[in-house]
Amino acid sequence: MNLTVIDHPLTRHYLTILRDKRTDAQAFRAAARGLTYTLVHEATLRVPYDAFDVETPLEMAKGHRIRNVVAVPVLRAGLGMLDAVLEMIPDVKVGFAGVARNEETALPQEYYAKLPDLSDAYVIICEPMLATGGSLSWAVDKVKSSGAKTITAICVVACPEGVDRMRQDHPDVQVIAASLDRGLNDRAYILPGLGDMGDRLFGTT
Ligand code: URA
């Protein structure tokens, strides 16, 4: 598994707003969107595209159109990254993967999955918190079973435990994150992290 941690002032700016416990849900959603733009920029560096000629008002020029991108937000926190993906990637298709963390075991439990055929797709999984790696590993299993071969995960915060798990389970997947944090606490929350991403996005704290 290949990990890229984005080192960009805008990424750090938005991540700081997300980390700050005083940030309310509305500002949190806006910052999640802003940060996701910077992750999508990196995640689409190797996206497939068609080349064709386009006529400018003056003469012909080379044109490019990207194709076959499917985004898969991992419910529910991944929804906080979806708007930015929809805005940035024309014609993107969206599949959904619903997994809840069992609060006692911290293991992922599937509750919903709706994926298109992914055999020719460039898949971008939106999983904001790469904590134990259980949810992301499960989501990658899911997209692979729908035919996906080229898979990138975008994460707001990752930690060494999740990265190790992904290296073990899915060495072929590219992971892009805004930060590699210190590690997990005894409840499998990332430290320093930003708390519960889903709760903070949707005001359910
Ligand atoms: N999920 C979250 O929302 N936050 C964490 O720190 C870990 C998992």
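The values are calculated or read from the model by the stated rules, or taken from the named source; none is laboratory data. The model shown is predicted, which means the values in this text are computed figures rather than measured ones. Cβ: placed from backbone, ideal geometry, glycine included. Neighbour counts: every protein chain shown. SASA here: full protein model, heavy atoms, side chains in, ligands and nucleic acids out. Shrake-Rupley method; radii C 1.70, N 1.55, O 1.52, S 1.80 Å.
Tabulated data
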| quantity | calculated |
| --- | --- |
| Net +/- balance of residues flanking Tyr14 in space, Cβ distance below 13 Å, scoring K and R +1, D and E -1 | +3 |
| Highest-fluctuation residue, Leu86, Leu15, Leu39 considered, GNM on the chain with Cα pairs under 10 Å | Leu86 |
| Computed over the chain, Kirkwood Rh from alpha-carbon pairs, angstrom | 17.3 Å |
| Estimated vicinal HN-Hα couplings, Hz - region 31-42 in sequence order (Karplus 6.51, -1.76, 1.60; Gly, Pro = x) | 5, 4, 5, x, 5, 5, 3, 6, 6, 5, 4, 5 |
| Computed helical MRE - 222 nm, the chain, DSSP H runs ≥ 4 contributing -39500 (n - 2.57), nearest 500 | -10000 deg cm²/dmol |
| Bridge type composition, the chain - antiparallel percent by DSSP, nearest 5 | 35 percent |
| Two-decimal log10 I(q)/I(0) for region 1-56, as the Debye equation yields it once each C-alpha is a single scatterer, q = 0.20, 0.21 Å⁻¹ | -0.78, -0.82 |
| Cβ crowding within 10 Å averaged over residues, with 69-81, 164-176 ranked highest first | 69-81, 164-176 |
| Surface per residue (accessible, 1.4 Å probe) for the chain, Å² | 51 Å² |
| Built amide H within the under 5 Å cut-off of Thr150, gap 5+ | Val123 |
| Whole-Hz couplings from phi, Karplus 6.51/-1.76/1.60, listed for region 182-198; x for Gly and Pro | 5, x, 9, 8, 6, 10, 6, 9, 7, 10, x, x, 8, x, 8, 4, x |
| Ala113 long-range amide H proximity, modeled H, under 5 Å | Gly98 |
| nm² value of the averaged projected area, convex hull over the Cα atoms of region 91-205 | 7.4 nm² |
| Rounded percent of accessible protein surface that carbon and sulfur make up, region 23-63, 1.4 Å probe | 54 percent |
| Span per principal axis, largest first, for the Cα atoms of region 86-132 (Å) | 40, 20, 16 |
| Antiparallel DSSP beta bridges within region 139-205, as percent of all bridges there, nearest 5 | 25 percent |
| Accessible surface of region 109-205 [probe 1.4 Å, protein heavy atoms]: carbon and sulfur percent | 47 percent |
| With all protein chains modelled, accessible area of Arg65 [1.4 Å, Å²] | 130 Å² |
| Residue-by-residue Karplus 3J(HN,Hα) for region 46-55, coefficients 6.51, -1.76, 1.60, Hz, glycine and proline x | 10, 5, x, 8, 9, 9, 7, 8, 10, 9 |
| Loop-exposed GluC sites (Glu not before Pro) per DSSP, neighbour cap 15 Cβ within 10 angstrom, longest uninterrupted part of the chain | 105-205 |
| Solvent-accessible surface ranking, highest first, for Phe96, Phe28, Phe202 at 1.4 angstrom | Phe202, Phe96, Phe28 |
